[in-house]
Amino acid sequence: ALDDAKVADNTIVIFLTYNGPQQDRFNGQMRGRKSNVYDGGIRVPLLVRWPGHVAAGAKVDTVAAHIDITPTVLAACDFAAPPDVKFDGQSLLPLWTGTADAVPLALSNRTLFIQTHRGDVPQLGRNCTAIGPRWKLVQGAGWREGPFAESEKKFELFDILADPHEEHDRAAAEPEVFAEL
């Protein structure tokens, strides 16, 4: 349709999903599933097509989230957000286009926070994660419906570069990183 309308070369196509699988099934060997804060429940594909700007087959490994899409599209269109609008996300445009010599500081050092829960009000410490460029702190208890007790909490720390399947808890070995996250 884009080719027929002669706009394919001037259109950004973005594909992403919103969470992991609902039932136990193949998910690329990632731990967890929908509603869980292990990567199997929160990591999703993000595919971008923008001929002449995003190289076909290019891969970006920087931690990002849905909150980055609007700032990125605004930057791609060279359009400024209204001055009274504040975004939590950052523009991924330099990463998509390969125009950054290095990952922008705003992306390279940030920590993303995610909590999933069933209900209208978040509960402190329930099913949450803090994800940085190398380390991920996970507290996965409380992802199912029903009451959640403080005694269920168990924080785990993963080196997501060395352990992408979140199998080896490094909390005891890395107390400074654990405390920072």
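The values are calculated or read from the model by the stated rules, or taken from the named source; none is laboratory data. Keep in mind that what you see is a predicted model, and the values were worked out from it rather than measured. Cβ placement follows ideal geometry from the backbone for every residue including glycine, while neighbour counts extend to all protein chains displayed. With ligands, DNA and RNA removed, areas are computed over all heavy atoms of the protein, side chains included. Shrake-Rupley method; radii C 1.70, N 1.55, O 1.52, S 1.80 Å.
Of the residues in the range 139-151, how many are within 21 Å of LYS34 (Cβ to Cβ) and either of a type in the set (A, V, I, L, M, F, W, C) or touching a strand residue (DSSP E or B) at 6+ places or on another chain (Cβ under 9 Å) (or both)? Write out each step before concluding.
So in the range 139-151, the residues within 21 Å of LYS34 (Cβ to Cβ) come out as 139-148.
Narrowing the set further to residues that are either of a type in the set (A, V, I, L, M, F, W, C) or touching a strand residue (DSSP E or B) at 6+ places or on another chain (Cβ under 9 Å) (or both) leaves 139-143, 148.
Within the range 139-151, residues that are within 21 Å of LYS34 (Cβ to Cβ) and either of a type in the set (A, V, I, L, M, F, W, C) or touching a strand residue (DSSP E or B) at 6+ places or on another chain (Cβ under 9 Å) (or both) number 6.
Matching residues to (1) of a type in the set (A, V, I, L, M, F, W, C); (2) closer than 30 Å to SER151 by Cβ:
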| site | (1), (2) |
| --- | --- |
| GLY52 | no, no |
| VAL63 | yes, no |
| ILE69 | yes, no |
| THR99 | no, no |
| LEU107 | yes, no |
| VAL121 | yes, yes |
| CYS128 | yes, yes |
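Just one of the numbered conditions (1) out of contact with any helix residue (DSSP H, G or I) (no Cβ under 9 Å at 6 or more places or on another chain); (2) at pLDDT below 90; (3) open to solvent by less than 70 Å² (accessible area, probe 1.4 Å); (4) not charged (D, E, K, R) is not true of ILE67; which one?
Tallying (1) out of contact with any helix residue (DSSP H, G or I) (no Cβ under 9 Å at 6 or more places or on another chain); (2) at pLDDT below 90; (3) open to solvent by less than 70 Å² (accessible area, probe 1.4 Å); (4) not charged (D, E, K, R), ILE67 fails exactly one: (2).
Which residues, taken from the range 47-59, are closer than 13 Å to ILE14 by Cβ and open to solvent by 70 Å² or more (accessible area, probe 1.4 Å)? Give the steps one after another, and end with the answer.
Taking the range 47-59 first, the residues closer than 13 Å to ILE14 by Cβ are 47-50, 53-54.
Of everything in the range 47-59, those that are closer than 13 Å to ILE14 by Cβ and open to solvent by 70 Å² or more (accessible area, probe 1.4 Å) turn out to be LEU47, ARG49, HIS53.
Quick one: LEU124 ticks every box in (1) open to solvent by 70 Å² or more (accessible area, probe 1.4 Å); (2) touching an Asp or Glu at 6+ places or on another chain (Cβ under 8 Å); (3) of a type in the set (A, V, I, L, M) bar one, so which box is it?
Only one criterion in (1) open to solvent by 70 Å² or more (accessible area, probe 1.4 Å); (2) touching an Asp or Glu at 6+ places or on another chain (Cβ under 8 Å); (3) of a type in the set (A, V, I, L, M) is unmet by LEU124, namely (2).
For LYS86, are the conditions met, namely being within 28 Å of ASN27 (Cβ to Cβ) and open to solvent by 60 Å² or more (accessible area, probe 1.4 Å)?
It is false that LYS86 is within 28 Å of ASN27 (Cβ to Cβ) and open to solvent by 60 Å² or more (accessible area, probe 1.4 Å).
How many of the residues making up the range 31-71 are part of a loop (DSSP other than H, G, I, E, B), out of contact with any Cys (no Cβ under 7 Å at 6 or more places or on another chain) and touching a residue at least 40 places away in the same chain (Cβ under 8 Å)? First the steps, then the outcome.
To start, the set of residues in the range 31-71 that are part of a loop (DSSP other than H, G, I, E, B) comprises 31-38, 43-45, 50-65.
Cutting the leftovers down to out of contact with any Cys (no Cβ under 7 Å at 6 or more places or on another chain) gives us 31-36, 38, 43-45, 50-65.
Filter once more, keeping what is touching a residue at least 40 places away in the same chain (Cβ under 8 Å): 31-32, 35-36, 38, 50-55, 58, 62-65.
Adding up the residues that qualify gives 16.
How many of the residues in the range 130-154 are open to solvent by 10 Å² or more (accessible area, probe 1.4 Å) and either outside any loop (DSSP other than H, G, I, E, B) or in contact with a Leu (Cβ under 7 Å, 6 or more places away or on another chain) (or both)?
Counting residues in the range 130-154 that are open to solvent by 10 Å² or more (accessible area, probe 1.4 Å) and either outside any loop (DSSP other than H, G, I, E, B) or in contact with a Leu (Cβ under 7 Å, 6 or more places away or on another chain) (or both) gives 7.
In the range 155-174, how many residues are under 19 Å from MET30 (Cα atoms), assigned to a loop (DSSP other than H, G, I, E, B) and open to solvent by 50 Å² or more (accessible area, probe 1.4 Å)?
Residues that pass the stated criteria total 8.
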